[in-house]
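Trainee: The structure follows.
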C-alpha cells in the first residue's frame, strides 16, 4: 500500500519540476530588425530606479550585414558579443574610434541597453517593431 502511494508522488515530483531556461542570444540574429524606444531610466545615485515612458520617437535598426541605423547618432556599425547572462554590444562609426558600449539583454520582443559610460547607471528599453514599420 505504501509503495503504491510513493510511486505517484515520486512521479509527480520528477515530472512537475523543470529547470528554468534563460533566453541567451547566440548570434546577431537576436538583434536584427527595427526597435523603438519604449522606456528609459537614469539613476540619480540614490533611491529607487523608475522606468519612465519614452517621449521621443527614437528607432534603431540592426542590419544582417552588421550596419546600424539611427537618426540620433552618426554611428553606423555594430559588434555583438553574446554572453551567458549578459551580452555586449558596441556601436561605432566605421573608420573612427568613436564607440558606444552597452551591456545588452535581448528577448524576442524587448531589447535593454545599459550604457557602460554611466557611472550611476542608465538604460534604454526598446520594443521590436514589425517589418516595414517606421
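Trainee: Are any residues in the stretch 76-101 closer than 22 Å to residue 39 by Cβ, touching a strand residue (DSSP E or B) at 6+ places or on another chain (Cβ under 7 Å) and assigned to a loop (DSSP other than H, G, I, E, B), and if so, which ones?
Mentor: 86
Trainee: Out of all the residues in the stretch 37-82, which are touching a helix residue (DSSP H, G or I) at 6+ places or on another chain (Cβ under 8 Å) and on the phi > 0 side of the Ramachandran plot?
Mentor: 66
Trainee: If I ask for residues that are in a strand (DSSP E or B) and modelled with pLDDT under 90, which ones from the stretch 32-75 would you list?
Mentor: Filtering the stretch 32-75 down to residues in a strand (DSSP E or B) leaves 33-42, 52-53, 59-62, 67-70.
42 - this is the single residue of the stretch 32-75 that is in a strand (DSSP E or B) and modelled with pLDDT under 90.
Trainee: Just to be sure before I move on: is residue 112 touching a helix residue (DSSP H, G or I) at 6+ places or on another chain (Cβ under 8 Å) and within 21 Å of residue 29 (Cβ to Cβ) in the structure I sent?
Mentor: no
Trainee: State whether one or more residues within the stretch 103-113 are more than 15 Å from residue 34 (Cβ to Cβ), at pLDDT below 90 and surrounded by 10 or more Cβ atoms within 10 Å (Cβ to Cβ). Please lay out each step first, then the result.
Mentor: Start the filter on the stretch 103-113 by keeping residues that are more than 15 Å from residue 34 (Cβ to Cβ), which leaves 103-105, 107, 112.
Next cut, at pLDDT below 90 only: none.
The answer is no, given that none of the residues of the stretch 103-113 is more than 15 Å from residue 34 (Cβ to Cβ), at pLDDT below 90 and surrounded by 10 or more Cβ atoms within 10 Å (Cβ to Cβ).
Trainee: Residues that are at positive phi and without any contact (Cβ under 8 Å) to a residue 40 or more places away in the chain: does the stretch 107-122 have at least one?
Mentor: Taking the stretch 107-122 and keeping what is at positive phi, we get 121.
From what's left, without any contact (Cβ under 8 Å) to a residue 40 or more places away in the chain: none.
No, that holds for no residue.
The values are calculated or read from the model by the stated rules, or taken from the named source; none is laboratory data. Only a predicted model underlies this, so the values are computations on that prediction, with no experimental measurement involved. Glycine also receives a Cβ, built like all others from the backbone with ideal geometry; neighbour counts cover every protein chain displayed.
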